[in-house]
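Structure, as structure tokens:
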Amino acid sequence: MKYPLNVRVNGVETSVDVEPHRSLLNVLREDIGLTGPKEGCDDSECGACMVLVDGRPVNSCSYLALQTDGREITTIEGVSEPSCPHSIQQALLEEGGVQCGFCTPGIVMSAKALLDANPSCDEDEVRLALGGNLCRCTGYQKIVRAVLRAAEQLQDRAGTTG
Amino acid sequence: MSRYFAPTTAAEAAALLAEHGGARVVAGGTDLVVAARGGKHRMPEVLIAIHGATDLASLVENEDGVRLGALTSHAWIERSPLIGSHWSALADASALVGSPATRANGTLGGNLMNASPAMDTGAPLLVFEADVELLSLRGTRTVPVADLLAGAGRTTAEPDELLTSVRLPDLPPATGSAYVRLEHRRAMEIAVVGAAALVTLGDDGRVADCRVALSAAAPTCVRAREAEDLLRGLRPDGASFRDAAALATGAVQPITDVRASARYRRAMISVVVSRALAVAAARAAGTDIAVPANRNLPTVTAGSTG
Ligand SMILES: Cc1cc2nc3c(=O)[nH]c(=O)nc-3n(C[C@H](O)[C@H](O)[C@H](O)COP(=O)(O)OP(=O)(O)OC[C@H]3O[C@@H](n4cnc5c(N)ncnc54)[C@H](O)[C@@H]3O)c2cc1C
Ligand code: FES
Ligand code: FES
């Protein structure tokens, strides 16, 4: 039996009908057409499927799509426009924190959850925030540097407007 | 045909559980959905998603302690100054669960009802002698956590009972607690073995009362009463902690699995117990040891138990 799911995805009201057992990742990719979140393990281990639900990080592969009814979902597609990358994305490019890119959407979402809550984070906090994100390519150092760099930039910007 | 319900109150959830035999509650889904997708269990035919039952997400403070709603997340516990300062062992435990996403979605109620022998909140709740409230159409009953945990993956709750809250009783002055676990890596890990300790210091500086409980050492989290008995009246020093920790090993029947052999677990139990005791005693004496204790062990503790 299908149930209606009404969610705000990246700012857009979206309605689809889904079966109870389906994961949020599956519905985002197959029904809503957002293929930014990736399926790495489908088991909550790798973080490639990370999205934000009401601003909190969620492994969408292991979360029931219907449990997001009435809530706000942000995927990598909602973080920025291609012409104007988010500070985290720009810093990942500059620091060389992206190789094959498979883990990147998940890394950006976890980093965004951290920086939204705690823009003045230190290296330990960055490593803890990325604890659920696996990267097979980069060795993590450049990713951690990139997130710290993005944090600095966001703080500078906050300083100039505040 | 699978069915899905999203009740907005605990009473509604209890009514749905009564109506649909075989229905299962899902809170954060970090155990239930993960196990079903991994093929460990089948996805239940009837799912009752309680994440929107706001009366299960409340915090009530009164004269006999605090009552945490079943939906209280590990992330909330980890950051709560109230829990961190009064029931530190629980904050130590929640702070170690999975990743930020696991902690944001995983709940205290789900951790208990999933009843893994390696669950991190079990040993802290045992040393606090916490109890839970279970709701069904028959009414409400209160069950000590020690009586709730029945075996690996089993509780004494009836299939139609909803866990609504966990009560943490108030503690005497000069009491400290801690939860420490042995882990192979710093994130996304499950305890190889874990220990919670609670120490109350007397006016003479000796141990007036203490409690010790273990995780991942037996089919359920268990108290180590012989260790507690030995420690009462002793000075809170490394030698006493080591003697008590050696006795804790007697409380358990560790298993061999992918994470460790029974022999290794047995040997490590005394290590985590003496670390947990040392942190609990230090906190009881007013020393500030940040949550989670696991990542902030005083070097002298690490040295004296190594
Ligand atoms: C990557 C990963 C890492 C993890 N690491 C740890 C760890 O380090 N330590 C640890 O202890 N756990 C860990 N877990 C397990 C899990 O996250 C916790 O046990 C969590 O607290 C479960 O809560 P939940 O709300 O997600 O439970 P759910 O999956 O929603 O439910 C779990 C069980 O409890 C039942 N249930 C839930 N709420 C109620 C209720 N109110 N009344 C009656 N029954 C109920 C459900 O029917 C189900 O059987 C990890 C899980 C993952 C995926
Ligand atoms: S695909 Fe979700 S955690 Fe790996
Ligand atoms: S860049 Fe390839 S997995 Fe991270």
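Key figures
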quantity	calculated
Lone qualifier among B:74, B:41 - being under 21 Å from residue A:63 (Cα atoms), within 17 Å of the chain's Cα centre (by Cα) and more than 10 Å from chain A (Cβ to nearest Cβ)	B:74
Residue tally, condition in contact with a strand residue (DSSP E or B) (Cβ under 9 Å, 6 or more places away or on another chain) and more than 14 Å from chain A (Cβ to nearest Cβ), over region B:77-113	16
Within region B:34-72, tally of residues that are buried (at least 24 other Cβ atoms within 10 Å of the Cβ), within 15 Å of residue A:67 (Cα to Cα) and either of a type in the set (Gly, Ala, Ser) or at pLDDT below 95 (or both)	1
Residue in region A:91-111 that is more than 23 Å from residue A:53 (Cα to Cα) and among the polar types (S, T, N, Q) present	yes
The listed residue being open to solvent by 20 Å² or more (accessible area, probe 1.4 Å) and modelled with pLDDT of 95 or more, out of A:81, A:95	A:95
Single residue of A:29, A:22, A:56, A:71 found to be open to solvent by 30 Å² or more (accessible area, probe 1.4 Å), away from ligand 3 (no atom under 16 Å from the Cβ), closer than 17 Å to residue A:131 by Cα and of a type outside the set (A, V, I, L, M)	A:56
Near pairs, Cβ below 9 angstrom, 6+ apart or cross-chain, from region B:118-129 (surrounded by fewer than 24 Cβ atoms within 10 Å (Cβ to Cβ)) to any residue that is assigned to a helix (DSSP H, G or I) and aliphatic (A, V, I, L, M)	B:129/B:145; B:129/B:146
Answer residue from region A:122-141, given it is within 17 Å of residue A:86 (Cβ to Cβ) and in a helix (DSSP H, G or I) and is farthest from ligand 1 (Cβ to nearest atom) among those	A:126
Matching residues, region A:36-53, being buried (at least 24 other Cβ atoms within 10 Å of the Cβ) and near ligand 2 (Cβ under 6 Å from one of its atoms)	A:44, A:47, A:48, A:49
Whichever residue in region A:57-105 is within 13 Å of another protein chain (Cβ to nearest Cβ) and of a type in the set (S, T, N, Q) and, among such residues, is nearest to ligand 2 (Cβ to nearest atom)	A:59
Output for region B:1-60, where each listed residue is out of contact with any Leu (no Cβ under 8 Å at 6 or more places or on another chain), of a type in the set (Val, Ile, Thr) and not in a strand (DSSP E or B)	B:8, B:9, B:30, B:34, B:54
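For (1) on the phi > 0 side of the Ramachandran plot; (2) out of contact with any strand residue (DSSP E or B) (no Cβ under 8 Å at 6 or more places or on another chain), each residue gets a yes or a no:
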site	(1), (2)
A:8	no, no
A:11	yes, yes
A:16	no, no
A:20	no, no
A:23	no, no
A:31	no, no
A:35	no, yes
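The values are calculated or read from the model by the stated rules, or taken from the named source; none is laboratory data. None of these values were measured; they are calculated from a predicted model. With ideal geometry, Cβ positions are generated from the backbone for all residues, glycine too; neighbour counts draw on all protein chains shown. These accessible areas exclude ligands, DNA and RNA; they are computed on the full protein's heavy atoms, side chains included. Shrake-Rupley method; radii C 1.70, N 1.55, O 1.52, S 1.80 Å.
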